[in-house]
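Following: one structure in structure tokens, then a few remarks.
Computed from the coordinates by the stated procedures, all read-outs in this text should not be read as laboratory data. Bear in mind the structure is a predicted one, so any value in this text is a computation, not a measurement. Heads up, the Cβs are rebuilt from the backbone with ideal geometry, glycines too, and the neighbour counts pull from every protein chain shown.
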Amino acid sequence: MRSILTDWLFSVEWLQNISIKNIIAQKMNTIGQLASLTAGHPFRESIENALDGDVAVVQMKDVDPEKGLDNGKLYHVRLTGRKKPDYLRRGDILFVGRGYRIFAVLVDEDLECTVACSHFFVIRVNNAQDVMPGYLAWYINHTQAQRYFSQRVAGTVLPYVNRKVLEELPVVLPPLAVQQGIVKAHCCGLTEKALLESLIEKKKQLLEGLLEKTLEQYQGDRV
């Protein structure tokens, strides 16, 4: 816990020492200029988990804007057709553009024979020397990008962001060193939050156990 807090404080201090003028001076780019966008794999029928499935599928249930991608319970299917699936790669970004939570999740590990379902746009960075995938995923979830999306969503019953709006999202692009610092500070913050939430839950369980034992002392043999 102390190590995480130290890393977080160091990252914040480092970012505070960066000249704001240098960041503002960086040119603006759009996602369409920085990355390619493809739709997730189309399934004609509902996705059912198959014991003999050889392809894993990332669905909405498997992603969270803070916890990221949980690949521990992916459904497996058998794909038919001649077209080879566009399997996910490390560094891909899954964009959720439908619903009341617009967000992106980074694929931060190697996945074997895994596709995203059609609920996602898959964003693949053209050149990692220009923009870090982790930074781009963070930026999409940041207030500036979220404000941009909220002003351009379509649909009344179920809001959605179309491909054109996503491609035209302006992205502030600081130097790679700054991008790395932002991603590190963000990850440290999420880790600290998860640890604190776990600690709170354990303290809650401990307190409930103590209170239960206190009641048992006065119950005796009564039910």
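What longest region of the chain stays clear of trypsin sites (Lys or Arg not before Pro) that DSSP places outside H, G, I, E and B and that have at most 12 other Cβ atoms within 10 Å? Between the exposed loop sites, the longest stretch runs 102-221.
About its Cα centre, the chain has a charge dipole of approximately 760 debye under the convention of +1 per Lys or Arg Cβ and -1 per Asp or Glu Cβ, with nothing else charged. For segment 99-140, the C-alpha radius of gyration divided by 2.2 N^0.38 Å, with N the number of residues, is 1.28.
Cβ-Cβ distance of Lys83 and Leu37, R₀ of 22 Å, FRET efficiency by 1/(1 + (r/R0)^6): the value works out to about 0.75. The distance from the alpha carbon centre of segment 29-44 to that of segment 145-165 is 16 Å, rounded to a whole number. Sparsely packed loop sites in segment 21-127 (the chymotrypsin sites (Phe, Trp or Tyr not before Pro) outside DSSP H, G, I, E and B with at most 16 other Cβ atoms within 10 Å) comprise Phe43, Tyr87, Tyr100.
Compared with the direct C-alpha span, the chain from Asn29 to Leu158 gains 43.6 nm at full extension, assuming 0.36 nm per residue. Taking 0.36 nm per residue of separation and subtracting the Cα-Cα distance, full extension of the segment from Asn126 to Glu201 would add 22.8 nm. Across segment 116-125, coupling constants 3J(HN,Hα) worked out from phi with the 6.51/-1.76/1.60 Karplus curve, θ = phi - 60°, read 9, 6, 6, 6, 10, 9, 9, 9, 10, 4 Hz, and Gly and Pro carry x.
Listed by chain and number, the lysines whose alpha-carbon sits under 27 Å from that of Lys193, ignoring those within fewer than 8 places in the same chain, are Lys61, Lys67, Lys73, Lys184, Lys202, Lys203, Lys204. Compared with the direct C-alpha span, the chain from Lys73 to Gln217 gains 47.6 nm at full extension, assuming 0.36 nm per residue. A Gaussian network model of the chain, with springs between Cα atoms under 10 Å, assigns the largest mean-square fluctuation among Ile123, Ile200, Ile182 to Ile200.
Recomputing Cα Rg over 2.2 N^0.38 Å from the coordinates shown identifies the correct label among (i) 1.02; (ii) 1.28; (iii) 1.09 as (ii).
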